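Notes for the one structure printed next.
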Amino acid sequence: MGFNSAICSILLFFFIALNSIYKSSAIETEASQTALLFVNTSEASAKEIPENLFGIFFEEINHAGAGGLWAELVSNRGFEAGGPNTPSNIDPWSIIGDDSSLIVSTERSSCFPRNKIVLRMEVLCDNEGTSICPAGGVGIYNPGFWGMNIKQGKTYKLVLYVRSEGSIDLSVSLTGSNGLQTLATTNFNYCCCRASHVSNWTRMEVLLQAQGTDAKSRLQLTTTRKGVIWFDQVSLMPTDTYKEHGFRSDLFEMLKDLKPGFIRFPGGCFVEGEWLRNAFRWKETVGPWEERPGHFGDVWQYWTDDGLGHFEFLQLAEDLGAAPVWVFNNGISHNDQVDTSNVLPFVQEILDGIEFARGDPQSKWGFLRAAMGHREPFDLKYVAVGNEDCGKKNYVGNYLKFYSAIKKAYPDIKIISNCDGSSKPLDHPADLYDYHIYTGANNMFSSASKFDQVSRNDPKAFVSEYAVNGNDAGKGSLLAALAEAGFVIGLERNCDAVEMASYAPLFVNTNDRNWNPDAIVFDSAQAYGTPSYWMQHFFRESNGATLLSSTLQANSSSSLIASAIVWQNSDNKKYLRIKVVNFGSNNVTLQIFIDGLELNSVPSFGLTKTELTSSNLMDENSFQVPKKVMPVKSSMEGAGGQVDIVLSPHSLTSFDLLMKSSSIRMVGSDNADSYFM
């Protein structure tokens, strides 16, 4: 457990040339600063970084899931978005035809008891007689979430429920945005004399292979036969979702590439709701997708069919190799709350939700999980009691009810309080306390020292939401990313007081920006990472690594922050990584000393430099230039023990040194194999 006293002799000189432009304005070169970074490799000063320190936070905001990570292409697939009463608002479904050719309405006649609304289409024209239907037929179409991204050669699975009192001659098509270009089509033909079963609700399923490409496509259901057809639960999914689990592949891979140690879900304010009647309730989001009632997220003002539900969030965590952190409603919304004396039904609901995740397949809720295709329990060990509810009248009373019941049934689960324990001790038991920070760039960077003096005793901090916002951030600026990097280095340096941390929000559909900035921007067809997304890449290897004690000395160190870790890749190779944020506009000559040994003893091992910077602090990425601000990696070789490296001001830079001597071993490892070789 520790380090050998004999340390590999390393001395790296980093010469930083000034070349910075702030908001496209040239800045006059100033005198060079000098800074020294001393890295201590002693056993006593090293810290083991938690396995789950850096993760991600998913909230259903900005259409992150509905129309985003969840790959369902039909918006309002069950016609329920207008509420449970009729007439109901069926947006974004629209009519093909006019009042003389068809009448579209809604009624409560579904075969699914939890979502009774269906669409009734009465066709007044026919393929013969005096009232002939238009050549393309009449019917309804759905544009998805600002267009369906249909690609040539790809296959899409269509499922819909229909019934009719007579024959059905239904054309199902994927078309261009104006309905003129047909990308895929098929027909459902049922004669009443041969298929009387269509008088009852009938599930129809077909695979459609696209013969063309259009990112703004739509789904059309049309007919040229007079009669009445009822539709319900119309779903269209690409068949190439990740492991066929329903996650949009490109967005999933962007998450996977962050190597998150955990994922917090499903919110956020989404969990609370403006009113409790619109809060996320897990029991409404499990079971067959057709039977889920969906709900209106009144905080962010849109409907979700809850295809991305409790089961799918747990599956997402497992697919990412991340620890699930379930945030649940504790009987409190933004505008109403349950008195502590009446909160026990809410407590039981959460106990049932934990049983769904962890219970034996023979248990009531574990059986449902197994029936959904996951016999083995999920590894749920973190739960958060509410979101940003501390200070509300009933929070502590309600929290204690949840805490007592969960600890009794599942003593190993870590319970997270909404109350901030960084300034003063909590007045209630907790394993972790939640801390959120949204602020300007300068304040975010200076907050790197936030946890320097907090207690090292339990509970530890969960910094579940951090981001620079406001004018400094724009829609995702380099300035914001650099300030956040400084803050996150501060979290890394205080890993004995901070157990987990995640940026927020994670996703934004560019057509529904409820919040700026966000880590990943997307539409139906494309996606890119903001500088804040790329900043998080610098910390991917920190989970489970060893933090080395380091001291920075400079004539003006207020714009510099650094850390040093030892990490191991999948091939068991060990690296020393030094991360430095230069938040200022001056040249800095940084000398890094490892145990203060002599220059001529430095081996010429491979050195990899990765830098995040740009010519303007307010530079952003976009669909037009998605990689304007992203890390640039280069390889360098030591020459006689000295490495000359040019760093841009206003930059985040990391250096990875492959270790080739048996000098250092990871904290927490007793095996000889753990030494750097």
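The values are calculated or read from the model by the stated rules, or taken from the named source; none is laboratory data. Everything numeric here is computed off the predicted structure, so don't read it as measured data. Quick reminder, even Gly has a Cβ in these numbers, built from the backbone with ideal geometry, and neighbours come from all protein chains shown. The protein model used for the area step is the full one, side chains on, heavy atoms only, and it has no ligands, DNA or RNA in it. Shrake-Rupley method; radii C 1.70, N 1.55, O 1.52, S 1.80 Å.
Brief remarks follow.
- Flag if Ala441 is within 30 Å of Leu560 (Cα to Cα), of a type outside the set (Ser, Thr, Tyr), open to solvent by less than 60 Å² (accessible area, probe 1.4 Å) and modelled with pLDDT of 95 or more: yes
- Extreme residue, nearest to Asp240 (Cα to Cα), among residues of region 67-113 that are buried (at least 18 other Cβ atoms within 10 Å of the Cβ) and acidic (Asp, Glu): Glu72
- Qualifying residue in region 114-121 (condition: open to solvent by 30 Å² or more (accessible area, probe 1.4 Å), outside any loop (DSSP other than H, G, I, E, B), closer than 17 Å to Asn200 by Cβ and out of contact with any Lys or Arg (no Cβ under 7 Å at 6 or more places or on another chain)): yes
- Residue tally, condition assigned to a loop (DSSP other than H, G, I, E, B) and of a type outside the set (Phe, Trp, Tyr), over region 519-559: 17
- Gly486 over 22 Å from Ile263 (Cβ atoms) and either modelled with pLDDT under 95 or under 21 Å from the mean Cα position of the chain (by Cα) (or both): no
Here is a yes/no grid of residues against (1) touching a helix residue (DSSP H, G or I) at 6+ places or on another chain (Cβ under 7 Å); (2) among the basic types (Lys, Arg):
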site: Asn457; (1), (2): no, no
site: Ala461; (1), (2): no, no
site: Val468; (1), (2): yes, no
site: Lys475; (1), (2): no, yes
site: Ala480; (1), (2): yes, no
site: Ala483; (1), (2): yes, no
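- Condition met for Glu59 (open to solvent by 10 Å² or more (accessible area, probe 1.4 Å), in contact (Cβ under 8 Å) with a residue 24 or more places away in the chain and within 23 Å of Phe265 (Cβ to Cβ)): yes
- Applying the criterion of being in a loop (DSSP other than H, G, I, E, B) and touching a residue at least 60 places away in the same chain (Cβ under 8 Å) to the residues of region 443-486, the residue that is nearest to Met630 (Cα to Cα) is Gly476.
- Only one entry in Val159, Val104, Val118 is under 31 Å from the mean Cα position of the chain (by Cα) and among the β-branched types (Val, Ile, Thr), namely Val159.
- Qualifying residue in region 307-325 (condition: under 23 Å from the mean Cα position of the chain (by Cα) and closer than 15 Å to Glu272 by Cβ): no
Residue-wise test of (1) modelled with pLDDT of 95 or more; (2) not small (Gly, Ala, Ser).
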position: Thr34; (1), (2): no, yes
position: Glu43; (1), (2): no, yes
position: Phe57; (1), (2): yes, yes
position: Ala66; (1), (2): yes, no
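- Region 122-169 - residue that is among the basic types (Lys, Arg) and part of a loop (DSSP other than H, G, I, E, B) and, of those, nearest to Lys216 (Cα to Cα): Lys151
- When Gly391 is tested against (1) more than 30 Å from Gly474 (Cα to Cα); (2) surrounded by 15 or more Cβ atoms within 10 Å (Cβ to Cβ), exactly one condition is not met: (2).
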